[in-house]
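Student: Okay, handing you the structure first.
The values are calculated or read from the model by the stated rules, or taken from the named source; none is laboratory data. Bear in mind that the values here come from a model prediction, so they are computed numbers and not experimental data. Positions of Cβ are backbone-derived with ideal geometry, glycine not excepted, and every protein chain shown enters the neighbour counts. Just so you know, the surface numbers come from the protein's heavy atoms only, side chains and all, with ligands and any DNA or RNA stripped out. Shrake-Rupley method; radii C 1.70, N 1.55, O 1.52, S 1.80 Å.
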Amino acid sequence: MTFVLTVIVSISNFRRWSLAEWRIGDDLRVLSPGFESRWSPPFAATVCVEAEDPVEMCAGLPSRVLVMVVMVLVMVAVLVLGNDSVTPAEAQQGFKVLEIPKEEDKGNVTYHYPLDASRSFNAFTVCLRMRPTIFYFTNNLVKLTLGNKEASFVFHSTFQLKRIWLTVADVWIHFPLSSRFRILRWYHLCFIHDPSRRELVTVVDGHTEYRAAIAPPTEPLRADMLYLASGPSVNNKNYVGDISQVNVWTRALATKEILELAECHKDLAGDYVSWKDMELPGLTPRTVPHTLLCPRHNNTIYFVFPSILYATARYLCTALGSSLPQPATWEDVSALVSLTHAAGLSYVSRYAVWMPISDEENEGIWRSALDEDAAPVLLWSHGEPNGFTYENCAYVSQQGIHDASCEDATATAVCRVEDLPVFILHNTEKTLMSFVADQNEAKELVFRGFDGSAIVKVNGFWSWEGPDNKTLAVLSDEHFQFPMGGREWHTQEGSSLMLLTACPDGHFTCNDASCIPMEHHCDSKFDCKDMSDEDSCVNVLIRSAYQNWLPPHHDARHMLIAITFHVMTVSVSTEDMHLELTFNLSLSWTDKRLQFYNLKESRPNWLTHDDLQEMWTPHVLFPNAKGNEYTIVDQNTVGHVSRNCKPDITGIMAAHEVEVFSGSCNPITVTRRYKMRFNCEFDLLLYPFDQQTCQVPLLFQTNIRDYVKFSYTQSQVKYTGPSKLREYEVDSVLLRPPNVCKDQSDICFEVPLRRLSSHAVLTMYTPSLILLFLSYITLFFNPAVFEVRIMATLTSLLVMATIFTQSSSSLPTTSYIKMLDLWLLTCILLVFLIVIFHTFIEHYRLLKKGESEGKAWATRVVVGCLSPPLDLSHAEKCSQDPQQKAPSTRTSSTITTASTTMDSLVWAAKITLPVVFLIFLIAYLIFIITFNSW
């Protein structure tokens, strides 16, 4: 383990110390006045802080104890550091660094170093450190060449912001990087060519970025010249910035060796090219401490802004991607005060540091602006807080936390970032330049551009100065103290909205420079505090060359359109044979001529009515609808885009970040509610036990039928209304392909209807059955009461005829007999048969009665009973039964035949009618069941 100890002790008075701190396994950069803002925080172990006030205590420990602790640590460090590869003397002396200046004409100046061309090699490793100050699109770095060939390289390395291009023996390989390069930062690069493993490896800061397979060279490699940031092949710009430790080995270095080089644990010299021996004409070396070159485990940087308002402090830290500090312990307070002291602030500014807490919302309840939760236990100074409603903000000093006015009080803002933040400048249409935020010695913000330009404050105005010191833009409103966020800039072309942001990828920048996730942009609710996230929300880009009368062109023969038919209500009229539907019709398709912005996955991405009017939309006809209905796009039509694919790019629109989506995989859907009446041919043969199926065909307009078709697999139809209607029960609605549809339609759906027969059973079948039963019962009446029997039967017949007439008038006229008609006609026929039976029975009854009366009359004539009685004996004779006293006028066989015939008719009617009806009923039910099943 490497122990690096940095101790600065000034012992002029036990109560006065400048700064003492140490770290184990890490580097420490001494904080002193005049630093360049690239310093580490004194949070490792701060022993003491400078005390201009004699009352100040020294970190709560006796000074003598601190001195002893520091001395012991120094002795231990000296013992341990004795065996390190980089000696303390070397560490203090630093490394040789060359600054490659910017050249106006590429290739005019070459920095080269001659090599031994007689020496051959196969494997090699090239390592270097670089700190770019200007970035071109492609930058030349190191080249090994043989001879004066313009485009032939033994080894060539160029780099861009997020990739490296390497050439070995004229074989080019592209290496993507996990993160982008940035200016004003040291990088350690190694390129390893290992023919035994047939690979080429790129290592950045000791971490392997990419491995690529490469065939070994056919012959050993030789080189006679090394070019640094220049040389043959002037297609690329030359590297501009600091460079150091350029070494070349004729072997593949091990991973451990490269890691030790990257972390400055070793300073190995190359056996082919050694940086220590390299001298380049035209460049003057300088020595830089190794602590500035070597990568640190903790790259934390602090921006310090003295004497500013609370709102400004919040804005600055937010814009830098940071937040105000919130110390939780007295050690944190002491370290924070030490940091402001090391920054060289005045006594007043040093001991007043803004905190991100406030009780503006509820007096006495201090909440953190970081998470809007109640702040934890606060280290209030004695007697604080005491400002009531006048002091709703807070700052921390060495004595603790104090409340202060948010509008009038000033304090120091300390913003902690993990590295120099990179800002991007956008105008209304594109990205202009990348900048790195920095602070000069006067604690003023400076934005240094990757192209050598800068955004600085000149005469009270923020100005964008080009690489040639020419003013490119000026912040128009002096009201803005800082340029971060959305601002109006004055350029040569006029006023333009520009955005300077440090928000990471996948985030949206509010006008106040705060960041929110991109999915919160244009989500119909305000997420930015300035509510700028809902400004200029446009979902679709329709170019001027777009032709909305032509359907989108697809690679396939037809463009597929998915249809969703959502039926909400169904109304059926059997008399008029029509089906009335209320439904939502949705059509979905893709149009690769369009681009969409800011699509969300969790909600619909609505399109405006104007967007729908400018876009192509499919027109669908309903052939069997009454009135030649078709789909329309009007104020009642709603449209949205579904996000099915990831964004293609993150673009710029209205000087803000937008996610750009292709129209080729994100479908458009238009939906409108319709109420239409469709013709439906009913088959009433089995009425009222029938089942009907109504088809609703859909047909594209003639001019687009050759280009579009419905996607049967992606389409769907559903019914969410009541299942039972007034007459029918609706089963599941079905979608049918064109070959099943009755009409020549592109697609259709069916509405299966099963009639509810309970009403007909109650109003038709039950009364007719009861009347038939009553008519049948009359057969059991006394044959002598013919009037009663015949009147009951004729009444039943009349009622049945009325029922038949009523049912016929309530149904459409058909050329075939319906099952209900058959039932009623059968019942009427049976009742009519009963009437005939009653007639025959009465006839034979009267015949029998007439024979009996004729016989009695003849007897009376014989005995003289027709004249007045002469005496009592004559009267007794006439009062006796004529059949007993009178002689027979007919034979007894005739009377017996009439009586037998009447009885036979009665019994025949009683037995035949139930049998006939039962046979009819069975055949009736079998036919209905069989036909419905078929």
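Student: What residue, among those in the range 561-605 that are of a type outside the set (A, V, I, L, M) and in contact with a Gly (Cβ under 7 Å, 6 or more places away or on another chain), is farthest from residue 507 (Cα to Cα)?
Tutor: Step one: list which residues in the range 561-605 are of a type outside the set (A, V, I, L, M), which gives 564-566, 569, 571, 573-576, 578, 580, 582-584, 586, 588-593, 595-598, 600-605.
Add one more test, that the residue is in contact with a Gly (Cβ under 7 Å, 6 or more places away or on another chain), and what stays is 569, 590-593, 595-596.
Details: 569: 45, 590: 27, 591: 27, 592: 26, 593: 27, 595: 20, 596: 17 Å.
This residue is 569.
Student: Among 566, 558, 520, 490, which is the only one that is open to solvent by less than 70 Å² (accessible area, probe 1.4 Å) and free of Cβ contacts under 8 Å to residues at least 60 places away in the same chain?
Tutor: Numbers: 566 fails: free of Cβ contacts under 8 Å to residues at least 60 places away in the same chain; 558 fails: free of Cβ contacts under 8 Å to residues at least 60 places away in the same chain; 490 fails: open to solvent by less than 70 Å² (accessible area, probe 1.4 Å).
Only one candidate qualifies: 520.
Rundown of residues vs (1) within 30 Å of residue 225 (Cα to Cα); (2) at pLDDT 85 or above; (3) not in a helix (DSSP H, G or I), yes/no style:
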{"site": "243", "(1), (2), (3)": "yes, yes, yes"}
{"site": "246", "(1), (2), (3)": "yes, yes, yes"}
{"site": "252", "(1), (2), (3)": "yes, yes, yes"}
{"site": "312", "(1), (2), (3)": "no, yes, no"}
{"site": "338", "(1), (2), (3)": "no, no, no"}
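Student: Also, quick follow-up: Only one of these conditions is not met by residue 671: (1) open to solvent by 20 Å² or more (accessible area, probe 1.4 Å); (2) among the hydroxyl-bearing types (Ser, Thr, Tyr); (3) not in a strand (DSSP E or B). Which number is it?
Tutor: Of (1) open to solvent by 20 Å² or more (accessible area, probe 1.4 Å); (2) among the hydroxyl-bearing types (Ser, Thr, Tyr); (3) not in a strand (DSSP E or B), only one is false for residue 671: (3).
Student: Would a scan of the range 649-656 turn up a residue that is under 26 Å from residue 583 (Cβ atoms), in contact with a strand residue (DSSP E or B) (Cβ under 7 Å, 6 or more places away or on another chain) and aliphatic (A, V, I, L, M)? It would help to see each step written out before you state the result.
Tutor: Pass one, the range 649-656, residues under 26 Å from residue 583 (Cβ atoms): none.
No, the range 649-656 contains no residue that is under 26 Å from residue 583 (Cβ atoms), in contact with a strand residue (DSSP E or B) (Cβ under 7 Å, 6 or more places away or on another chain) and aliphatic (A, V, I, L, M).
Student: Moving on to the next point. So which strands (runs of 3 or more DSSP E) are wholly in the range 570-640 and hold at least 1 residues that are within 30 Å of residue 730 (Cα to Cα)? Explain how you work it out, then say what you get.
Tutor: Details: elements: 578-589, 595-597, 605-607.
Here the list reads 578-589.
Student: Touching a Leu at 6+ places or on another chain (Cβ under 9 Å), closer than 19 Å to residue 540 by Cβ and either surrounded by fewer than 16 Cβ atoms within 10 Å (Cβ to Cβ) or at pLDDT 90 or above (or both): does that describe residue 606? Please lay out each step first, then the result.
Tutor: Values: touching a Leu at 6+ places or on another chain (Cβ under 9 Å): no; closer than 19 Å to residue 540 by Cβ: yes; either surrounded by fewer than 16 Cβ atoms within 10 Å (Cβ to Cβ) or at pLDDT 90 or above (or both): yes.
Considered against the rule, which asks whether it is touching a Leu at 6+ places or on another chain (Cβ under 9 Å), closer than 19 Å to residue 540 by Cβ and either surrounded by fewer than 16 Cβ atoms within 10 Å (Cβ to Cβ) or at pLDDT 90 or above (or both), residue 606 comes out as no.
Student: Restricting to the range 116-150, name every residue that is farther than 29 Å from residue 467 by Cβ, out of contact with any Lys or Arg (no Cβ under 8 Å at 6 or more places or on another chain) and in a loop (DSSP other than H, G, I, E, B).
Tutor: 116, 122, 147, 148, 149
Student: Still on this structure: Kindly provide the set of residues from the range 428-449 that are surrounded by 17 or more Cβ atoms within 10 Å (Cβ to Cβ) and either assigned to a strand (DSSP E or B) or under 35 Å from the mean Cα position of the chain (by Cα) (or both), ordered by number. Steps first, answer last, please.
Tutor: Taking the range 428-449 and keeping what is surrounded by 17 or more Cβ atoms within 10 Å (Cβ to Cβ), we get 432-439, 443, 445, 447-449.
432, 433, 434, 435, 436, 437, 438, 439, 445, 447, 448, 449 - these are the residues of the range 428-449 that are surrounded by 17 or more Cβ atoms within 10 Å (Cβ to Cβ) and either assigned to a strand (DSSP E or B) or under 35 Å from the mean Cα position of the chain (by Cα) (or both).
Student: Taking the range 161-172 only, how many residues are under 34 Å from the mean Cα position of the chain (by Cα) and free of Cβ contacts under 8 Å to residues at least 24 places away in the same chain?
Tutor: Within the range 161-172, residues that are under 34 Å from the mean Cα position of the chain (by Cα) and free of Cβ contacts under 8 Å to residues at least 24 places away in the same chain number 2.
Student: Can you report the number of residues in the range 681-700 which are open to solvent by 10 Å² or more (accessible area, probe 1.4 Å) and either touching a Cys at 6+ places or on another chain (Cβ under 6 Å) or within 21 Å of residue 584 (Cβ to Cβ) (or both)?
Tutor: 2
Student: Every residue in the range 895-934 that is aromatic (Phe, Trp, Tyr), open to solvent by 80 Å² or more (accessible area, probe 1.4 Å) and under 24 Å from residue 831 (Cα atoms), please.
Tutor: Our first condition is that a residue be aromatic (Phe, Trp, Tyr); within the range 895-934, this holds for 907, 917, 920, 924, 927, 931, 934.
If we keep only those that are open to solvent by 80 Å² or more (accessible area, probe 1.4 Å) too, we end up with 907, 927, 934.
Matches in the range 895-934: 907, 927.
Student: Can you find a residue in the range 283-298 that is touching a His at 6+ places or on another chain (Cβ under 6 Å), buried (at least 20 other Cβ atoms within 10 Å of the Cβ) and either of a type in the set (Gly, Ala, Ser) or in contact (Cβ under 8 Å) with a residue 60 or more places away in the chain (or both)? Steps first, please.
Tutor: Initial filter on the range 283-298 (touching a His at 6+ places or on another chain (Cβ under 6 Å)): none.
Among the residues of the range 283-298, not one is touching a His at 6+ places or on another chain (Cβ under 6 Å), buried (at least 20 other Cβ atoms within 10 Å of the Cβ) and either of a type in the set (Gly, Ala, Ser) or in contact (Cβ under 8 Å) with a residue 60 or more places away in the chain (or both), which makes the answer no.
Student: Is it true that residue 482 is in a strand (DSSP E or B), of a type in the set (Phe, Trp, Tyr) and surrounded by 15 or more Cβ atoms within 10 Å (Cβ to Cβ)?
Tutor: Numbers: in a strand (DSSP E or B): no; of a type in the set (Phe, Trp, Tyr): yes; surrounded by 15 or more Cβ atoms within 10 Å (Cβ to Cβ): yes.
Criteria not met by residue 482.
Student: Taking residue 799, is it modelled with pLDDT of 90 or more, open to solvent by 40 Å² or more (accessible area, probe 1.4 Å), of a type in the set (A, V, I, L, M) and more than 21 Å from residue 918 (Cβ to Cβ)?
Tutor: Details: modelled with pLDDT of 90 or more: yes; open to solvent by 40 Å² or more (accessible area, probe 1.4 Å): yes; of a type in the set (A, V, I, L, M): yes; more than 21 Å from residue 918 (Cβ to Cβ): yes.
It is true that residue 799 is modelled with pLDDT of 90 or more, open to solvent by 40 Å² or more (accessible area, probe 1.4 Å), of a type in the set (A, V, I, L, M) and more than 21 Å from residue 918 (Cβ to Cβ).
Student: Is there a residue being farther than 19 Å from residue 664 by Cα, open to solvent by 20 Å² or more (accessible area, probe 1.4 Å) and modelled with pLDDT under 90 anywhere in the range 578-592?
Tutor: The answer is no; no qualifying residue exists.
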